[in-house]
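The structure is given below, and queries will be raised subsequently.
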Amino acid sequence: SMAWPWLLGHAVVLVGSRAVAEPRVALVIGHSAYGGEIGNLANPANDAKLMAKTLRGIGFAVVEVENADQNAMKRAIVDFGNKLGDAGSEATGLFYYAGHGLQVQGENFLIPVKAHIERESDVDIEAVSADLVLKQMDFAGSAVNIVILDACRNNPLTRGFRSEVRGLAEITRKPRGSFIAYSTAPGEVAADGKGANSPYAKALSETIVEPGQGIEEIFREVRAKVLAATGNQQTPCDSSSLTAPF
């Protein structure tokens, strides 16, 4: 009889450790306070706060950044890569970005606050390439890398751009073990939402906490919820190079 409390205590620990066995590290960035010629967005900073809280609840160590300029944003991405590398080869890394994003010649750029972009040639020096995130994940050598881009709000900087391509391009070069999710299809535009959060962030925060579901099922359910919330106007999509269930 004396053994039962000991066994029960250890069973709880083992179950808990299996539920989140691997280290989980996340960087969450949301930009709303653009101002100037870009104009403010209502929800990305709120979306970042919501996602950071949600991810902490499912075992992620989260670095949360809102309304960062280019230098602070790049520094946060590099620090995230270092933390992910320190977590070891079994770790899971997750990057979530909400705010303005655009593509130039097939490359995706995330727009920090205080960016001064008057023409297409300014993007490379004023914005942050999404490839920087993928490179940091690749350097870290983590087992699973999840990138979530809620960054397809319409490009407000059409003047001085040769191309009028909307939204983001599909990321084709990615580390093995990656799952890339977009709030809408490549070349399309996502809604910022009329409530406190975007339709995508709301659906994701509700669904990602559901226990026992694989990542593909989670994002399939997110897609259905966003389609319903937007009257079939916004279709989230994803691509995977995962080599095992997650």
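Hey, can you tell me all the residues within the stretch 110-130 that are over 13 Å from the mean Cα position of the chain (by Cα), assigned to a helix (DSSP H, G or I) and touching a residue at least 40 places away in the same chain (Cβ under 8 Å)? Give the derivation first.
Of all residues in the stretch 110-130, those over 13 Å from the mean Cα position of the chain (by Cα) come to 111-129.
Those still in the list that are assigned to a helix (DSSP H, G or I) too: 120-126.
120, 126, listed by residue number.
Among the residues of the stretch 196-223, count how many are within 18 Å of residue 100 (Cα to Cα) and surrounded by fewer than 17 Cβ atoms within 10 Å (Cβ to Cβ).
1
When the stretch 37-55 is examined, which residues are found to be touching a residue at least 60 places away in the same chain (Cβ under 8 Å) and either in a loop (DSSP other than H, G, I, E, B) or among the β-branched types (Val, Ile, Thr) (or both)?
The answer is 37, 38, 39, 41, 42, 43, 54.
With respect to the numbered conditions (1) open to solvent by less than 50 Å² (accessible area, probe 1.4 Å); (2) closer than 30 Å to residue 21 by Cβ; (3) modelled with pLDDT of 80 or more; (4) not charged (D, E, K, R), which one is the sole condition not fulfilled by residue 151?
(2)
Shifting gears a bit: Starting from residues that are β-branched (Val, Ile, Thr) and within 14 Å of the chain's Cα centre (by Cα), keep the ones in the stretch 60-109 and report whichever is surrounded by the most Cβ atoms within 10 Å (Cβ to Cβ).
As a first pass, look at the stretch 60-109 and keep what is β-branched (Val, Ile, Thr): 62-63, 65, 77-78, 92, 104.
Among the residues that remain, those that are also within 14 Å of the chain's Cα centre (by Cα) are: 62-63, 65, 77, 92.
On the way: 62: 19, 63: 16, 65: 22, 77: 25, 92: 23.
In this case the residue turns out to be 77.
Conditions: (1) out of contact with any strand residue (DSSP E or B) (no Cβ under 9 Å at 6 or more places or on another chain); (2) open to solvent by less than 20 Å² (accessible area, probe 1.4 Å). Residue 45 meets all but one. Number of the miss?
Residue 45 satisfies every listed condition except (1).
Given (1) over 13 Å from the mean Cα position of the chain (by Cα); (2) under 20 Å from residue 210 (Cα atoms); (3) small (Gly, Ala, Ser); (4) surrounded by 15 or more Cβ atoms within 10 Å (Cβ to Cβ), where does residue 57 come up short, assuming only one miss?
It is condition (4) that residue 57 fails.
Let me ask something else. Would you tally the residues in the stretch 37-60 being on the phi < 0 side of the Ramachandran plot and either in contact with a Leu (Cβ under 8 Å, 6 or more places away or on another chain) or not hydrophobic (A, V, I, L, M, F, W, C) (or both)? So that I can check it myself, show each step before the final result.
Start the filter on the stretch 37-60 by keeping residues that are on the phi < 0 side of the Ramachandran plot, which leaves 37-38, 40-58, 60.
Now restrict to residues that are either in contact with a Leu (Cβ under 8 Å, 6 or more places away or on another chain) or not hydrophobic (A, V, I, L, M, F, W, C) (or both): 37-38, 40, 43-44, 46-47, 49, 51, 53-57, 60.
Selection size over the stretch 37-60: 15.
The values are calculated or read from the model by the stated rules, or taken from the named source; none is laboratory data. Predicted model, so just to flag it, every value in this text is computed and none were measured. Virtual Cβ from ideal backbone geometry, glycine too; neighbours counted across all protein chains shown. Note: accessible area is taken over every heavy atom of the protein model, side chains too, but ligands, DNA and RNA are not part of it. Shrake-Rupley method; radii C 1.70, N 1.55, O 1.52, S 1.80 Å.
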